[in-house]
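Enquirer: My questions all concern the structure below.
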């Protein structure tokens, strides 16, 4: 006997699994900032864009649809893939205190995950955001991703 869920298109199963995990954990939806990365990749490098779309269809969707795979970890891998297609570099996790460490999968949900380009003239690329950024993570994001050179005024 076949499972009716197996008859659903892989895209529907993957979306349902991700939506369920997002609702259960309160994690941020990575699709929003990955769409931005994908759009920028399309304008910078058509072959890279095509590779990203192929990875999405052939690797990401089947992995996210698989009940044995953590959907958020699979999406993080996709984010790392997108970043590496845009520019060579390394991925780091930033904890709540602002301390960076080499990325290991799966990242803690409380970590800010960035791809640091080898070309220091390029800004860091966002790979993963925690539900809430600590002040140290916010400062790191502002400095490395947004390239703000002044601290935000956090007093009210």
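Computed from the coordinates by the stated procedures, all read-outs in this text should not be read as laboratory data. What you are looking at is a predicted structure, and each value in this text was computed from that prediction instead of being measured. Note that we place each Cβ from the backbone using ideal geometry, even for glycine, and neighbour counts take in every protein chain shown.
Enquirer: How far, in degrees from 0 to 90, does helix 10-25 lean away from the longest principal axis of the Cα atoms of the chain, to the nearest 10?
Expert: 50 degrees
Enquirer: Using only Cα atoms, find the angle between the long axis of helix 46-55 and the longest principal axis of the chain, and express it within 0 to 90 degrees, rounded to the nearest 10.
Expert: 50 degrees
Enquirer: So how tilted is helix 71-86 from the main axis of the chain? Cα-based, degrees 0 to 90, rounded to 10.
Expert: Helix 71-86 sits at roughly 60 degrees to that axis.
Enquirer: Counting helices only, and only those DSSP H runs with n ≥ 4, report the 222 nm mean residue ellipticity of the chain as the sum of -39,500 (n - 2.57) divided by its residues, in deg cm²/dmol to the nearest 500.
Expert: On the way: 7 runs with 75 residues, N = 156.
That comes out to -14500 deg cm²/dmol.
Enquirer: Over segment 1-96, what is the relative contact order in percent, taking alpha-carbon pairs closer than 8 angstrom and at least six residues apart?
Expert: Computed value for segment 1-96: 35 percent relative contact order.
Enquirer: Cβ neighbours within 10 Å, averaged per peptide: list 72-78, 14-20, 124-130 in order, most packed at the top.
Expert: Top of the packing list down: 124-130, 72-78, 14-20.
Enquirer: Order these peptides, 110-121, 44-55, by their mean beta-carbon neighbour count within 10 angstrom, highest first.
Expert: 110-121, 44-55
Enquirer: Something else about it: Could you work out how far apart the two model spin labels at residue 43 and residue 142 are, taking each label as a point 7 Å from the Cα in the direction of the beta carbon, and quote it in nm?
Expert: Here the answer is 2.5 nm between the modelled labels.
Enquirer: With Cα extents along the principal axes in Å in mind, check [x] 62, 38, 30; [y] 61, 37, 27; [z] 68, 32, 24 and report the label derived from this structure.
Expert: Answer by label: [y].
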